[in-house]
1. Are there GluC sites (Glu not before Pro) in segment 89-133 that DSSP puts in a loop and that have at most 14 other Cβ atoms within 10 Å, and which ones?
2. In debye, nearest 20: dipole of segment 1-95 around its Cα centre with unit charges on the Cβ of K, R (+) and D, E (-)?
3. Along the charge dipole of the chain, Cβ charges K/R +1 and D/E -1, which of 152, 43, 136 sits furthest on the positive end?
4. Binning at 10 Å from 0, report for segment 4-202 what percent of all alpha-carbon pair distances ends up in each bin.
5. Loop only per DSSP, at most 16 neighbouring Cβ atoms within 10 Å: give me the GluC sites (Glu not before Pro) in segment 140-204, ordered by residue number.
6. I need the trypsin sites (Lys or Arg not before Pro) found in segment 122-204, filtered to DSSP loop residues with at most 11 other beta carbons within 10 Å of theirs.
Amino acid sequence: MSTLHWSNSDAEIHRVVVGGYDNNVFVVRCRATGEAVLIDAANEHERLLELASTLGVRRVLETHGHFDHIGAVTEMREAGYEVAVTAADAPMLREVGYDVFIDDAEVIEFGRLRLDAIHNPGHTPGSVSFKLAGAPVLFSGDTLFPGGPGATKFEGGDFDTIIRSIDDLLFALPDDTIVMPGHGLDTTIGTERPHLQEWVDRGW
């Protein structure tokens, strides 16, 4: 079965769903050079290593440090892949390790593609989304899903913070921006933006 999830003339986005929490793992690949990055080494490391080898992955980017998103980090690092996470969430990777920090507003370049890092605290203190430059695609991790924000009941989560984070940073993007979350189906910014007040009123 093909893993191709979305593409245009410049980029391919591949997706696999892994682990007991049905985590989405995305590989973003430059069609011109074949270089790629993998977003969230969540689980099923053998499958991810095969995918990474096939698609030319150069490094791993973690959207946040929750256990269900880092289950394959140890094996990816052992295979030689650099793992990046925000400094705020790095303590959650203490046991599996990491290599470099993702800074707020960092531009991650690979091949002829760029991902713009967007610091989105609220689900965790260091949650980060990635916007594919020049394309209507956002990888939102567990910050924004179809129907609302990610959970804020875990340690380090804060509902008011995630609402501000979504409203100020993600809802500033165009309506046609495709949101590819850490679990479940895609949505768009235009689909979700009108429901912000409903989420505030219900409190989750």
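1. Within segment 89-133, the qualifying GluC sites (Glu not before Pro) (loop, at most 14 other Cβ atoms within 10 Å) are 95.
2. Dipole magnitude for segment 1-95 comes out near 260 debye.
3. With unit charges placed on the Cβ atoms, the residue in question is 136.
4. The percentages, shortest bin first, are 9, 40, 38, 12, 1.
5. Working: sites: 155, 192, 198; in loops: 155.
When the GluC sites (Glu not before Pro) of segment 140-204 are filtered for loop state and at most 16 Cβ neighbours within 10 Å, 155 remain.
6. 153
Read-outs throughout are calculated quantities, based only on the coordinates presented, and are distinct from any laboratory measurement. Only a predicted model underlies this, so the values are computations on that prediction, with no experimental measurement involved. Glycine also receives a Cβ, built like all others from the backbone with ideal geometry; neighbour counts cover every protein chain displayed.
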